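All remarks here apply to the structure that follows.
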Amino acid sequence: MTDISHTPVSAPPLLRVRDLVCGYGPIGVLEQVSIDVHERQIVTVLGGNGAGKSTLLKAISGLLPATAGQIEFAGQDIANLGATQIVDRGLLHVAEGRRLFRTQSVMANLDLGLYGAKLGRAEERRRLDEVLTMFPMLAERPNIAAGALSGGQQQMLAIAQALLRTPRLLMLDEPSLGLAPIIVDQVMDVITRLRAQGCAIVLVEQLVERALEVADKAYVLQNGRIIGSGTPAEIHGSDLIKHAYLGV
C-alpha cells in the first residue's frame, strides 16, 4: 500500500483496522486491509465495483465475520462482537439500498431505530425531536409509508434512523445511489454537518469527486487490497484513482 499522506495525526484513532482478511465462505474478498478513522473525521473508501468496499463495512459492523486481523473501536477489540453489541458501542452502519421497513410509516421506522436502546421516554422524545429538526422533510410526513417517499427522503430517513442511536462513528454505503444531483448536495451537506457536530464518518461513495470534496482522508481499494491513501489533494495528485477504476 502507498501512503501518500504528509499530515500526521497524533491522537489514537477512533476506529483502527489492521490486516483484515474477510470474505464469503471460500470466496476471499479482503486481503490485509488496514485503515484508521479519527474523531471528527470523514474518511472515504474509494474503488471500483467488486473492490470490497461494502464487504469492509460489513466486517467492521459485525455483519460478516473476519477470517483474520484486528478491528478496534474506541480502544476496544470489537472483531468478535455481534452487530447489536457494536451498535450499542456507538458504531452505526447505513447499508447500501436504504434498508427501511417500506410498508411502515416514517415515525414507525424511526421508532424501530430505537428498538433495544433501553432509553426513557423523555430521552427517546429528545432524540426524535433532534433528528426531526435536522430532517424537517420527515417531520412534515410522519404518517407516510417509507416506500412512498422519494429516494432522497428515504436516504434521509435511513440516516435519521441511525442517528437516533447517537453514533460516535457512522458508516454510509453509497448514500448518493440513484439520487438526483440536488439531493446528493443535501446528503453531502448532512454528512459535513454531522462531522461538525462531532460524529466521525466512513463514506463509501460512487461519486469520487463528491466524496473527495467532503473527506479529510481517502483510502483507495482495488481487488480487496488498499493500494494507497492520503488527503483528497494528495489523491488528486496521484494515479491511484486511475489504477483503481481503470486498471491503468
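The values are calculated or read from the model by the stated rules, or taken from the named source; none is laboratory data. Owing to the predicted nature of the structure, the values given are computational and were not obtained by experimental measurement. Please note: Cβ atoms are built from the backbone with ideal geometry, for glycine as well, and neighbour counts cover all protein chains shown.
Descriptive notes on the structure:
- Across segment 107-123, the qualifying residues are those that are surrounded by 14 or more Cβ atoms within 10 Å (Cβ to Cβ) and part of a loop (DSSP other than H, G, I, E, B), and the one among them that is modelled with the lowest pLDDT is ALA117.
- Flag if GLY62 is buried (at least 16 other Cβ atoms within 10 Å of the Cβ) and touching a Gly at 6+ places or on another chain (Cβ under 9 Å): yes
For (1) part of a strand (DSSP E or B); (2) at negative phi; (3) touching a residue at least 24 places away in the same chain (Cβ under 8 Å); (4) not assigned by TED's automatic domain parsing to the domain that holds GLN197, each residue gets a yes or a no:
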| residue | (1), (2), (3), (4) |
| --- | --- |
| GLY28 | yes, yes, yes, no |
| VAL43 | yes, yes, yes, no |
| GLY48 | no, yes, yes, no |
| THR55 | no, yes, yes, no |
| GLY62 | no, no, yes, no |
| ALA79 | no, yes, no, no |
| THR84 | no, yes, yes, no |
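- With respect to (1) part of a loop (DSSP other than H, G, I, E, B); (2) outside the structural domain of GLN206 (by TED's automatic domain parsing); (3) aliphatic (A, V, I, L, M), the lone exception for LEU179 is condition (2).
- The residue of segment 65-77 that is surrounded by the fewest Cβ atoms within 10 Å (Cβ to Cβ), among those that are out of contact with any strand residue (DSSP E or B) (no Cβ under 6 Å at 6 or more places or on another chain) and touching a residue at least 24 places away in the same chain (Cβ under 8 Å), is GLY75.
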